[in-house]
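Presented below is the structure to which this report refers.
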Amino acid sequence: MRGGVGGSREKDANPAEGHGGDGVGGIEPDGVVGQVMIQITPQMRILVAIEAVDGRKGIDSLARLCQEKLQADPFSGCLVFFRSRRGTSIRILVFDGGALRAYYAQLIH
């Protein structure tokens, strides 16, 4: 998906669940990635990592970076933004109360 936020990856997600016809947060039966809307509340903290990260890092590595570099708890409900080294994509880490999710967006220039 160009310019949008694609499907999420959930830690400990069951691949047989959560892939209904709405396409939110997962892959539709025909293999198309659905769009996701992240709800931002007025009391939600938004953290932006200044240093670029390796785009191959997974959820666990991003959560560890959040704890070590930003001194923030990734399970507190805050949004954490990470930028790729080349600046062509971002990753957003968020805990929604049930799962730690990582979203990916490719930036189009």
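Coordinate-derived values only; no laboratory data. Because the structure is predicted, anything quoted here is derived from the model rather than measured. With ideal geometry, Cβ positions are generated from the backbone for all residues, glycine too; neighbour counts draw on all protein chains shown.
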Calculated Rg and Dmax of the range 30-103 using C-alpha coordinates, Å
12.5, 41
Would you calculate the separation in nanometres between label points at Ala99 and Gln71, each defined as 7 Å from the Cα along the Cα-to-beta-carbon direction?
3.3 nm
Arrange the peptides 102-108, 78-84 so that the one whose residues have, on average, the most other Cβ atoms within 10 Å appears first.
78-84, 102-108
The local net charge around Glu51, scoring Lys/Arg +1 and Asp/Glu -1 for residues other than Glu51 whose Cβ lies under 9 Å from its Cβ, equals +2
Hey, what do the phi angles of the range 63-80 turn into as Karplus ³J(HN,Hα) couplings, whole Hz, using 6.51/-1.76/1.60 and θ = phi - 60°, x for Gly and Pro?
5, 5, 4, 4, 5, 7, 8, 9, 6, 10, 8, x, 8, 8, x, 7, 9, 10
At 0.36 nm per residue, minus the direct Cα-Cα distance, what do Gln106 and Ile40 gain on full extension? Give it in nm, one decimal, please.
21.7 nm
